[in-house]
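For reference, the structure is listed below as structure tokens.
Every number in this text was worked out from the coordinates using simple rules, so none of it is lab data. Computed from a predicted structure; not experimentally measured. A quick note on method: Cβ atoms are made from the backbone with ideal geometry, for glycine too, and the neighbour counts reach across all protein chains shown.
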Amino acid sequence: MRLMSLMLALSAALAAGQARAQDAAATYPNKPIRFILGFAAGGGTDLLARIVGPRLSDILGQPVIVENRTGAGGRIAVEYVQSQPADGHTVAIGAIGQLAVATAIYPKLPFHPTRTLMPITMLGSYPLVLSGPATGDIKTVAELVAFGKANPDKSNYPTSSPAFTIASEMFKLKTGMPGQPIPYRSTNEMLLSVIGGQTLFAFPDSGVVVPMAQGGKVRALAVGSATRIPELPDVPTMAEAGRADVDLKTQWIGAFLVAGTPAPVAKKLETALRQALADPGVRERIRGITYFPEGGSAEEFRARIDGDIQAFSDVVKAANLKFEQ
């Protein structure tokens, strides 16, 4: 009898919890939704959030406010989101380097993108672009590798983020090319170092490379995506360049809630975000900043993140990389 009473009590508590969750979803959102970003205004993450936010506001009937909480490679923003109520009104807009790469290289992070956070949907993605000097005889990936092997003292690469370091080290592992990392403060500075001859090659994001390549300042050698990008139609994919083994992982930016958010609330936000990302006007504007509009399911996004973390962890181990937290 005691066991039966306990089971009945647990069943009643579960039913009550489910009812509360459904009630929360029915009234959600009942105040403005805040997009919390770990990067400054004007960058790709910020632009993407400000494209999606107004359409999401139309769908859910509440304002969407973008807040930039910069610092510590985006960690301050994530930790802030985790300190807020798990009610769906505070959304982390996070990037692959800030979350998946950081998780792979730093063992003591106070967050995890699929454990302490709930992936909702991928908002947009973009490739890294292998870039080299605009002048000289290096016009293909094969020529770059051959030159680097023949001139190891000239084969340094710039990096302003662990994400760029891992991409460069993966390229080295697969091709046997030498290269030492040279730290810089920004992606723009990375490319300027290639232009100035201080470094030989770089793996910056497409949004920075495209205008410089179109202006003849750098040479785009290959894009790290499954297909070519419209802005650089003559530049082959890494596979087309004969290096299908160099899987650079298309970079992503996505939306996250704090773990513990009621599932019906998370599902309502997911549905609304995917609806916003399906809007033709939104998709056109995202393509305008050289990103691919996304909008897959939370389950697909979660699986992608876990796979990326494992892949990055493998590169860190194989290349014996050390990063200071």
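When Lys and Arg each count +1 and Asp and Glu each count -1, what net charge do the other residues less than 14 Å away from ILE289, Cβ to Cβ, add up to? Don't jump to the answer; show the numbers that get you there.
Numbers: positive: ARG50, ARG283, ARG285, ARG287; negative: ASP46, ASP205, GLU231, GLU284, GLU294.
Its environment carries a net charge of -1.
So who's got an amide H within less than 5 Å of the one on PHE39, skipping anything under 5 residues away but keeping other chains? H placed 1.01 Å off N, in plane.
Hits under the 5 Å cutoff: ARG69.
For the stretch 129-223, what proportion of DSSP beta bridges, expressed in % and rounded to the nearest 5, is antiparallel?
Taking every DSSP beta bridge within the stretch 129-223, about 65 percent pair in antiparallel fashion.
For the chain, what is the charge dipole size about the Cα centre, in debye to the nearest 20, if Lys and Arg each add +1 at the Cβ and Asp and Glu each add -1 at the Cβ?
Details: 31 positive and 27 negative charges, 89 e Å.
The calculation lands at about 420 debye.
Long-range amide H contacts for LEU117: which residues qualify at under 5 Å (H placed 1.01 Å from N, peptide plane, sequence gap of 5 or more or a different chain)?
HIS112, ALA259
For the chain, what does the relative contact order come out to in percent, with C-alpha contacts under 8 Å and a separation of six or more? Present the calculation step by step, with values, prior to reporting the outcome.
Numbers: 582 pairs, mean separation 83.5, N = 325.
Answer for the chain is 26 percent.
Hey, fewest Cβ within 10 Å first, where do TYR106, TYR184 land in order? Write down the numbers at each step before the final one.
Working: TYR106 15, TYR184 20.
Ascending number of Cβ neighbours within 10 Å: TYR106, TYR184.
For the chain, what proportion of DSSP beta bridges, expressed in % and rounded to the nearest 5, is antiparallel?
Numbers: 21 of 34 bridges.
Of all bridge pairs located within the chain, approximately 60 percent are antiparallel.
How large is the dipole of the stretch 129-223 about the Cα centre if only Lys and Arg carry +1 and Asp and Glu carry -1, each at its Cβ, rounded to the nearest 20 debye?
Values: 8 positive and 6 negative charges, 15 e Å.
That gives a dipole near 80 debye.
When Lys and Arg each count +1 and Asp and Glu each count -1, what net charge do the other residues less than 14 Å away from SER57, Cβ to Cβ, add up to?
+2
Which entry is the computed Cα Rg over 2.2 N^0.38 Å for this structure: (i) 2.11; (ii) 0.98; (iii) 1.11?
Among (i) 2.11; (ii) 0.98; (iii) 1.11, the one derived from this structure is (iii).
Could you please report the charge total around LEU191, scoring K, R as +1 and D, E as -1 over all other residues with beta-carbon less than 13 angstrom from its beta-carbon? Could you put the intermediate results ahead of the total?
Values: positive: ARG185, LYS217, ARG219; negative: GLU189, ASP205.
Spelling it out: positives minus negatives among the neighbours equals +1.
Among ARG302, ARG283, ARG115, determine the one that fluctuates most according to a GNM of the chain built with springs between C-alpha atoms less than 10 Å apart.
Greatest mean-square fluctuation among the candidates belongs to ARG115.
Grab the DSSP H runs of the chain that are 4 residues or longer, score each as -39,500 (n - 2.57), total them, divide by all residues and round the 222 nm result to the nearest 500 deg cm²/dmol.
Details: 11 runs with 143 residues, N = 325.
Only helices count here, giving -14000 deg cm²/dmol.
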